[in-house]
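Read the structure below first, then the notes.
What follows draws every value from the coordinates through simple rules; no lab data is involved. Since the model is a prediction, treat every value here as computed from it, not as a measurement.
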Amino acid sequence: MPMPKANSTIRERLAWEVTPALYDEIRSLWIAHSKAEDARDLDGLIATLAETCVYEIVPTGQRWQGHDGARSFYLSFLSAFPDVHFDLQDIVIGPQGVIEVTRMIGTHRGLWAGLPATGQRVDTLIVIHFPWNPDARKFDGERVYFDRSALESQLG
């Protein structure tokens, strides 16, 4: 079987073999990423990402690329929700990466996803895809999905 490449098609990615060692590697990196996020450790977050990483808020079409883009995304997000907390609801880990379903809870204190600060409390379900980059052995960013109208209704 050929070595997996980060730019593989979905059909090629579906054929990627999962081994206990690869599962453990991806899971450990996701744990490190989550701990760094909880600690607001930007360097720790960046250390889990491939240089080619892309951060995307799917409902708004916003995208940030590379380590500088990831840093910008996090600075913006954590400024907008300085007290954000994630309550993990479900997770799937495989050779293609991680899918996390989580409840995002926090106070909207700054511009985010095109929405000006409201001071309102947010409690919304989001789905985050962390694509695995087998070349870098790190995540290739995050794709964040949520119901924008549900979020906007909470913000008033």
Long-range share for the range 92-150, i.e. C-alpha pairs more than 19 Å apart as a percent of all pairs, stands at 42 percent
In degrees, nearest 10, the alpha-carbon axis of helix 66-80 is tilted away from the dominant principal axis of the alpha carbons of the chain by 30 degrees
Bridge orientation stat for the chain from DSSP, antiparallel percent rounded to 5, came to 85 percent
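Taking the convex hull of the alpha carbon atoms in the range 1-125, what volume per residue do you get, in Å³? Could you put the intermediate results ahead of the total?
Working: hull volume 14.7 nm³, N = 125.
Spelled out: Cα convex hull of the range 1-125, divided by residues, is 118 Å³.
Quote to one decimal, in nm, the extra length available between D90 and T19 on full extension: 0.36 nm per residue of separation minus the C-alpha distance between them.
Numbers: separation 71, 0.36 × 71 = 25.56 nm, distance 2.13 nm.
Length difference between fully extended and current span is 23.4 nm.
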If each part is reduced to its alpha-carbon centroid, the range 126-156 and the range 38-111 end up apart, in Å, by 7 Å
